[in-house]
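Read the structure below first, then the notes.
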There are 2 protein chains.
Amino acid sequence: MDTRTRIQEVALELFTEHGYEKTSLREVAERLGVTKAALYYHFKSKEEIVNSFVEDRILVMDELIRWAESQPPGVELRRAVLTRYADDLFGRNRFAVMRFFEQNQTVLKNLSAGLQMRDRMLRVARLLAGPDQSAENEVRAALAIFAVHSSFFTMRPEITAQDRHDVALKVAFELLDRIAEVEAEGEKVDAGHR
Amino acid sequence: MDTRTRIQEVALELFTEHGYEKTSLREVAERLGVTKAALYYHFKSKEEIVNSFVEDRILVMDELIRWAESQPPGVELRRAVLTRYADDLFGRNRFAVMRFFEQNQTVLKNLSAGLQMRDRMLRVARLLAGPDQSAENEVRAALAIFAVHSSFFTMRPEITAQDRHDVALKVAFELLDRIAEVEAEGEKVDAGHR
DNA sequence: GTCTATACCAGGATAGAC
DNA sequence: GTCTATCCTGGTATAGAC
């Protein structure tokens, strides 16, 4: 395997395990049997290493958002968006990068990769919250997304990946359905006022 | 005001604004017109500064947990615990420290203050999730707590503090009530099996 | 008891040799 | 494509001034 890929793998592992800031490039280099300066041949900076393995997740999110915006809105779409969100981002052992995100939320606020990911998540949240712009539906949407993420670190370790997935979506769907209920009530009130 | 207190104030502000790791002690010292070494007279280390202003919040949490464990369980207690959680931790402009927590989740995993706070939050979560130990109720409890925290950064800025508080608790109560519902259903099933 | 001066070592980054 | 040497900044430690 080429050095560039090996750097990405080792960095992702250490950044996730010990945190981005607490991982020195010397550690990464030593684990690969090279010097710090060698890393700087392959990547412009420490941050660039992060960008390189996050890029892919951003593209997946963009694809999801583009698809969601092309569909007719409704309860079914909300559920479908969140299901796809969970499967695309965390499915098939792809969650290594997502675990990195969970473990490094703070730093990511100052990293371009983090800001881009944040932006995508906000757009998904807005899709789920619907057009009524109520604060409570925004909270419900945020919690639904958080349920999916939390399924990887909130639950007890003996629970299987499949169960985590199913439980997270079950609770999240309750929140999404409640959003739709509140929307419907709001429209009834509007109609009554006319 | 004495230097020790001023160090705490400036450090809390900078640690929250720019992050714990990205804030150097030189910055803190300069802002106070002293040298780095002066800080080391008042605090053993950078981490000690954090401990000093988090201590207080830990005591508040301990008090809340002790009280909750002395009360008869039920739906009402859950709501009361979460209400008190929100008021004790975030009330009366006390949320500066909580904002520090939100902004520094990663580092706090390696800091004693963070581990202690984490431990308290887990215990509150267990109280809210109830005795049935189901994964879905654990998720609901975690989300209810997260709703309170998120109320300070998820919602749009034009929403008042009072509204944030109310909306967060409203959504959180729906989750808590659902926990109780699921518990009741579980007991019915148990009874049917006997 | 409160602080300054100074030094040490580790971490990110760069220039230039091979 | 990789290394040595070097720079600057950051956390930490200590000696000593007032």
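Output yes when any residue across segment B:51-59 is within 16 Å of DNA strand C (Cβ to nearest atom) and in contact with a helix residue (DSSP H, G or I) (Cβ under 8 Å, 6 or more places away or on another chain), and no when none is. Checked segment B:51-59: at least one residue is within 16 Å of DNA strand C (Cβ to nearest atom) and in contact with a helix residue (DSSP H, G or I) (Cβ under 8 Å, 6 or more places away or on another chain). Please verify whether segment A:129-136 includes one or more residues that are open to solvent by 70 Å² or more (accessible area, probe 1.4 Å) and over 12 Å from the mean Cα position of the chain (by Cα). Within segment A:129-136 (the criterion being open to solvent by 70 Å² or more (accessible area, probe 1.4 Å) and over 12 Å from the mean Cα position of the chain (by Cα)), the answer is yes, since at least one residue qualifies. Restricting attention to segment A:142-164 and to residues that are in contact (Cβ under 8 Å) with a residue 24 or more places away in the chain and open to solvent by 20 Å² or more (accessible area, probe 1.4 Å), the residue that is nearest to the other protein chains (Cβ to nearest Cβ) turns out to be A:153. Might you check whether a residue that is closer than 26 Å to residue A:107 by Cα and either assigned to a loop (DSSP other than H, G, I, E, B) or more than 16 Å from DNA strand D (Cβ to nearest atom) (or both) occurs anywhere in segment A:64-73? Among the residues of segment A:64-73, at least one is closer than 26 Å to residue A:107 by Cα and either assigned to a loop (DSSP other than H, G, I, E, B) or more than 16 Å from DNA strand D (Cβ to nearest atom) (or both), which makes the answer yes.
Would you point out the residue of segment A:1-59, among those that are of a type in the set (Gly, Ala, Ser) and open to solvent by 50 Å² or more (accessible area, probe 1.4 Å), that is nearest to the other protein chains (Cβ to nearest Cβ)?
Taking segment A:1-59 and keeping what is of a type in the set (Gly, Ala, Ser), we get A:11, A:19, A:24, A:29, A:33, A:37-38, A:45, A:52.
Retained after the next criterion (residues that are open to solvent by 50 Å² or more (accessible area, probe 1.4 Å)): A:33, A:37.
Values: A:33: 27, A:37: 24 Å.
Selected residue: A:37.
Within this structure, residue B:99 passes the test of being assigned by TED's automatic domain parsing to the domain that holds residue B:146, under 11 Å from the mean Cα position of the chain (by Cα) and open to solvent by 60 Å² or more (accessible area, probe 1.4 Å). None of A:123, A:92 is in a helix (DSSP H, G or I) and either touching a residue at least 60 places away in the same chain (Cβ under 8 Å) or more than 11 Å from chain B (Cβ to nearest Cβ) (or both) except A:123. Is it true that some residue in segment B:168-189 is in a loop (DSSP other than H, G, I, E, B) and either buried (at least 20 other Cβ atoms within 10 Å of the Cβ) or more than 9 Å from every other protein chain (Cβ to nearest Cβ) (or both)? The answer is no, given that none of the residues of segment B:168-189 is in a loop (DSSP other than H, G, I, E, B) and either buried (at least 20 other Cβ atoms within 10 Å of the Cβ) or more than 9 Å from every other protein chain (Cβ to nearest Cβ) (or both).
Restricted to helices (runs of 4 or more DSSP H) entirely inside segment B:1-44, those with at least 1 residues that are of a type in the set (Asp, Glu) and near DNA strand D (Cβ under 10 Å from one of its atoms) are B:25-32.
The rows are residues; the columns are (1) closer than 19 Å to residue A:116 by Cα; (2) modelled with pLDDT under 95.
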site	(1), (2)
A:46	yes, no
A:77	no, no
A:91	no, yes
A:98	yes, yes
A:103	yes, yes
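The values are calculated or read from the model by the stated rules, or taken from the named source; none is laboratory data. Every value quoted in this text rests on a predicted model; they were computed, and no experiment measured them. Positions of Cβ are backbone-derived with ideal geometry, glycine not excepted, and every protein chain shown enters the neighbour counts. Note: accessible area is taken over every heavy atom of the protein model, side chains too, but ligands, DNA and RNA are not part of it. Shrake-Rupley method; radii C 1.70, N 1.55, O 1.52, S 1.80 Å.
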